[in-house]
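The numbers here are math on the coordinates, done by the rules we state, and not lab data. What you see is a predicted model, and the numbers here were worked out from it, not measured in a lab. Glycine gets a Cβ as well: all are built from the backbone with ideal geometry, and neighbour counts include every protein chain shown.
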Amino acid sequence: MQSQRAIEQYLRHLTIERGMAKNTVTAYRRDLKRYQDFLSQQGVDDFNEISELQVAAYAQSLTTQKALAATSVARHLAAVRGLHKFHLLEGSSDRDVAAGVKPPKSARRLPKAITIEQVEKLLAASGPEPDQVLPGESIRLRDRALLELLYATGGRVSEIINLDLDDLIDPTLIRLFGKGAKERVVPVGSYAAKALEAYAVRVRPALAALGKGTPALFLNQRGSRLSRQSAWQIIAQAAQAAGLIDHISPHTLRHSFATHLLEGGADVRVVQELLGHSSVATTQIYTLVTIDRLRDVYQQAHPRARA
């Protein structure tokens, strides 16, 4: 079996049977194309002729030749390991030559969150309050609603821009679709609900009239669904206007959402459900952030914390 055919079968499995998101499958395709190119350079085209030594050599090349970080190497190897395991289980290969090739260990990076005060500055800079809109800036009600919803729900930017009007269950609840089309319902706070209502009533109808009747909640100025790139740009502009010098991304709001909930006393299992994490271990990294924060406050405030 040719390597290209083996890869296409695996990608089809990820798409149809496992229901992986389009962006995830695209990333797997890109990573496996690099693997296939490496094998071609080694003169290997038959999938069943690949050896464990060649998989190990590929892993080594990612570190030495491509100078990728440990996390990137691990991601590439996850695709390769998944490919070989799939064909072993399907019976199209009699061995899994990637099983013994382990990804490098990477240092645990704590998620970057900003303070509540910085979040408030960012939100204020993104757009006006509904009762403070000046002529010609009504579109900024959309930008404010977008950022308010990102912080209120902890949603990924892809989840928020893919929202349709029907996903607004009521003013206090919203339906999000996460990785693998996994559905969850999350609450919406009063500030975000107010911003959403202002946008939906005063801005969206005019934008929708410019397009082709899309059900998307967030629209661009042509009446089409707001893109991921546009959402990033809106956040970057708000961060610059707020005077925030650190890099601010949609995920910064997601990290801040989780961190602030835990600092406020929320149970880690509740935060796991709100974030849509399949494992609580993924969510528990945020507890390390709050512990570090507690340690800093203690060091600064306790009279006998430091000599």
| message | With an 8 Å Cα cut-off and a minimum separation of 6 or more residues, compute the relative contact order for the chain in percent. | response | 16
| message | Rounded to whole Å, give me the distance from the Cα center of region 1-65 to that of region 80-155. | response | 25
| said: Would region 1-46 count as rounded, prolate or oblate if I go by the C-alpha gyration tensor, calling it rounded below 1.5 in a/c and otherwise prolate when a/b exceeds b/c, oblate otherwise? | reply: oblate
| request: Let me have the 222 nm mean residue ellipticity of the chain computed from DSSP H runs of 4+ only, each contributing -39500 (n - 2.57), with the sum over all residues rounded to the nearest 500. | output: -17500 deg cm²/dmol
| remark: Counting only DSSP beta bridges with both partners in the chain, the antiparallel fraction in percent, to the nearest 5, comes to 100
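Using only the Cα atoms of region 3-90, build the gyration tensor, take square roots of its eigenvalues as a ≥ b ≥ c, and label the shape rounded, prolate or oblate: rounded if a/c is under 1.5, else prolate if a/b is larger than b/c, else oblate.
Verdict is oblate for region 3-90.
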| query | Past the 27 Å Cα-Cα mark, which pairs from Lys105/Lys182; Lys33/Lys179; Lys102/Lys182; Lys33/Lys85; Lys22/Lys121; Lys121/Lys194? | reply | Lys105/Lys182; Lys102/Lys182; Lys22/Lys121
| Stretchable slack from Ser40 to Lys112, in nm (0.36 nm times residue separation minus alpha-carbon distance) | 21.9 nm
| remark: Sorted largest first, the C-alpha extents of region 165-251 along its principal axes in whole angstrom are 37, 31, 29
| task | Give the order of Thr64, Thr26 when sorted by the count of other beta carbons within 10 angstrom, beginning with the fewest. | result | Thr64, Thr26
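How high is the FRET efficiency between Ile139 and Arg175 when r is their beta carbon distance and R₀ equals 22 Å, given to the nearest 0.05? Provide the component values of the computation, followed by the final result.
Details: r = 25 Å, r/R0 = 1.16.
The value I calculate is 0.30.
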| Among Arg142, Arg81, which comes first, second and so on when ranked by fewest other beta-carbon atoms within 10 Å? | Arg81, Arg142
